[in-house]
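To start, the structure itself, in structure tokens.
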Amino acid sequence: MTRALFAGTFDPPTNGHLDLIRRAAALFDAVVVAVAQNAEKQPLFSVMDRCEMLRAITVGLPGVEVREYEGLTVAAARAFGCTVLLRGVRGVTDLEFETPLAQTNRILDPGIDTVFVIPAPEWQVCSSRLVREAARLGGDVRHFVPPVVWERLKPRTAAGA
């Protein structure tokens with residue numbers, strides 16, 4: 001049984017994330033969506049909020065579970081019984097960032113492989129950072145996030161104020 005870990009901050013979860021989760025659910029026996037607690041970042045949503053939104057948008061996807069973690073991603077993968085790290089790569093810049101990370105993770109734990117997945121074309125420009133920034137400036141970001149996420153994001157934006 002192959003379990004994959006899809007780790008990130010998911011602040012907020014986007015349709016790009018959901019695309020990768022759905023595709024991972026079709027590729028692997030189980031997918032753990034792991035929400036990182038990162039003390040260096042000041043998230044818009046709490047870890048609990050992000051987990052709740054991810055659970056809501058993945059309900060009904062077989063083999064998908066949402067967990068939170070802190071620390072090394074490979075340590076979380078080990079703890080959750082995962083042997084694959086799933087990473088989305090939107091372009092060359094992502095690949096340049098992700099390659100040394102994957103190599104470092106492989107050195108830290110040779111039993112865990114990294115698999116890169118390219119998002120569907122409509123989500124190639126979608127990132128949580130861009131969604132947060134556009135929403136903060138009053139942009140309508142409904143296209144980029146699932147409806148349940150939009151409902152929680154809207155009150156925190158210029159458009160919802």
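Each reported figure results from applying straightforward, stated rules to the coordinates on display, with no laboratory input. For clarity, every value in this text was computed on a predicted model and none was experimentally measured. In this analysis, Cβ positions are derived from the backbone assuming ideal geometry, glycine residues included, and neighbour counts consider all displayed protein chains.
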PHE97-GLU68 pseudo-label distance in nm [points 7 Å out on the Cα-to-Cβ vector]: 2.3 nm
Helix axis angle, 92-108 relative to the chain longest principal axis, alpha carbon, degrees: 40 degrees
Gained length - ARG55 relative to VAL117, 0.36 nm times residue gap less alpha-carbon distance: 20.2 nm
Pairwise FRET efficiency - MET1 versus GLU133, Cβ, R0 = 30 Å, nearest 0.05: 0.15
Net charge of neighbours whose Cβ lies under 15 Å from the Cβ of TRP123, counting Lys and Arg as +1 and Asp and Glu as -1: +3
Helical contribution to [θ] at 222 nm, DSSP H n ≥ 4, -39,500 (n - 2.57), averaged over the chain, rounded to 500: -12000 deg cm²/dmol
FRET efficiency for ARG156 and ILE107, using Cβ-Cβ distance with R0 set to 25 Å, rounded to 0.05: 0.05
Among PRO12, PRO110, PRO146, residue whose mean-square fluctuation peaks in a GNM of the chain (springs only between Cα atoms under 10 Å): PRO110
Angle between the chain longest axis and helix 47-58 axis [Cα atoms, degrees, rounded to 10]: 90 degrees
Rounded tilt (10° steps) of 15-27 against the dominant C-alpha axis of the chain: 30 degrees
Column: log10 I(q)/I(0), Debye, Cα scatterers of the chain, q = 0.09, 0.16, 0.17 Å⁻¹: -0.28, -0.90, -1.02
Only Lys, Arg (+1) and Asp, Glu (-1) charged, at Cβ; the chain dipole about Cα centre in debye: 240 debye
Cα centroid separation, segment 13-49 to segment 88-161 (Å): 9 Å
